[in-house]
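Notes follow the structure.
The values are calculated or read from the model by the stated rules, or taken from the named source; none is laboratory data. For clarity, every value in this text was computed on a predicted model and none was experimentally measured. Cβ placement follows ideal geometry from the backbone for every residue including glycine, while neighbour counts extend to all protein chains displayed. Note: accessible area is taken over every heavy atom of the protein model, side chains too, but ligands, DNA and RNA are not part of it. Shrake-Rupley method; radii C 1.70, N 1.55, O 1.52, S 1.80 Å.
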Amino acid sequence: MKAFRFLKDKWFYISLIIMALVVVAAFELTFEKLDKFTRHGTEFQVPDMVGMNYEEVSELYSDEFTFILLDSIYVKDFPEGAVYQQNPAPGAKVKTGRNIYIIRTSIAPEIVQMPNLRNLSLRQAMVSLNVAGLKVDKLEFVDYFARNAVIEQKIKDEVIEPKDDVVKGSAITLVVGLGNGNKNTILPDLVGVTVSNVKNMIHNASLNVGTEIFIDNDEVEHLFVSRMDPEYSAETRVPLGSLVSVWYKSDKNFDFAWYNYEKFRRDSIVEVWRVKKYSADTIKYVIDSFDFILRNRTFSYDSLERIKDKQLLFRPLDTATIDIDFDFDYFEYNDYVIDTNFFYDE
């Protein structure tokens, strides 16, 4: 048939081959361009730049990344002009040319004006300091008729007048009054409190921060107070300005949720038994037994440790005053005798 005569023409096949080569070349060129655009298969691990000079970093890695400076802040005891924060984080795998967002430390510290804290209450003064970008260093208590009234404001031992220029973030010593009455204050319960809130709670209680001990090496957001000295109790009163030392543990190693649940059960039982008008000795027994458990359990996530924790019992020094109906002879005579589980049936 004449319609298919072109199939015998060699130029038809030559043209077909040329067209196929053009199509293949077009695909190759397209994918090559797309590969370059997306940088497919080319990844770099983001280095840890924190602490390095920003100018040096941006020059050193200019071929691999695009740097975008978000902010410059003053950070005490940190190198000037250094990378303070970076995003993506060190170790992240990114493609060449990825934007790296940087916050660096400023070359010169930011200056703020010192607020007038004189004659303010301690709580008011702390709020004013926070608004001004300053913080409390310590409290010095002196004889003065108004308890917790601010008498003077200092940086270290130097008096700072209102509107004086100070470096933002400076720690201010507050000289406050002891008052004429009782010079003791309630000890706050700090166990389970985050690192960022500890100092405020201690200062709000008219106390000072003692030694801070970091048992676990972890990120700040995972660290909570696991122990304090003096130990907390509802009856404990300490002199104004006393030092409170704290120990921090990671919530990866200490079950703070379980700890706080035990505290909640203690407080709930005490409240119920007070309503039921149990004797003061019985209420004290509840508090002492739970406090014993809170002090001595490890609150570990380890299954064997948790079993040992739950077997931890408490025996009061004098069971004669306890008006609860159960058989004391059932328990062994050692330091861990009375099972507090019977509290939960009330």
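Here are a few things to note about the model shown:
- Note on residue 271/residue 63: beta-carbon distance plugged into 1/(1 + (r/R0)^6) with R0 of 45 Å gives a FRET efficiency of 0.10.
- Against the rule of thumb 2.2 N^0.38 Å, how large the Cα Rg of the range 191-303 comes out: 1.17
- Coil-residue trypsin sites (Lys or Arg not before Pro) of the range 46-110, DSSP, other Cβ within 10 Å capped at 12: 76
- C-alpha center-to-center spacing [the range 101-159, the range 238-291] in angstrom: 33 Å
- Potential lengthening between residue 157 and residue 135 on full extension [0.36 nm per residue; Cα-Cα distance subtracted]: 6.3 nm
- Each residue, residue 194 and residue 168, gets one label point 7 Å from its Cα in the Cβ direction; the gap between the two is 2.1 nm.
- Gain in span if fully extended, residue 77 to residue 45, counting 0.36 nm per residue against the direct Cα distance: 8.7 nm
- Using a cut-off of 23 Å between Cα atoms, the listed pairs 135/156; 183/276; 76/154; 135/163; 93/252; 95/252 include 183/276; 93/252; 95/252 as exceeding that distance.
- Relative frequency of Cα-Cα separations exceeding 19 Å in the range 32-169, percent: 63 percent
- Neighbourhood net charge (12 Å Cβ-Cβ; Lys/Arg +1, Asp/Glu -1) for residue 298: +3
- Ranking 48, 189 by solvent-accessible area of protein heavy atoms (1.4 Å probe, all protein chains present), from largest to smallest, gives 48, 189.
- Modelled label positions at residue 308 and residue 56, each set 7 Å beyond Cα in the direction of Cβ, lie 4.9 nm from each other.
- For the range 235-284, the spread of Cα positions along each principal axis, largest first, Å: 39, 33, 13
- Cα pair distances of the range 122-189 binned at 5 Å [whole percent]: 4, 16, 26, 24, 16, 10, 4, 1
- Tail fraction, Cα-Cα pairs, the range 250-313, threshold 17 Å, whole percent: 45 percent
- Residues of the range 186-228: accessible area per residue with a 1.4 Å probe, Å²: 48 Å²
- Radius 10 Å from Cβ of residue 253, net charge of other residues (Lys, Arg +1; Asp, Glu -1): -3
- Counted residue by residue at 0.36 nm each, then reduced by the alpha carbon distance between them, the extension gain from residue 107 to residue 218 reaches 37.0 nm.
- In this rough spin-label picture, where each label sits 7 Å from Cα along the Cβ direction, the residue 22-residue 92 distance is 4.6 nm.
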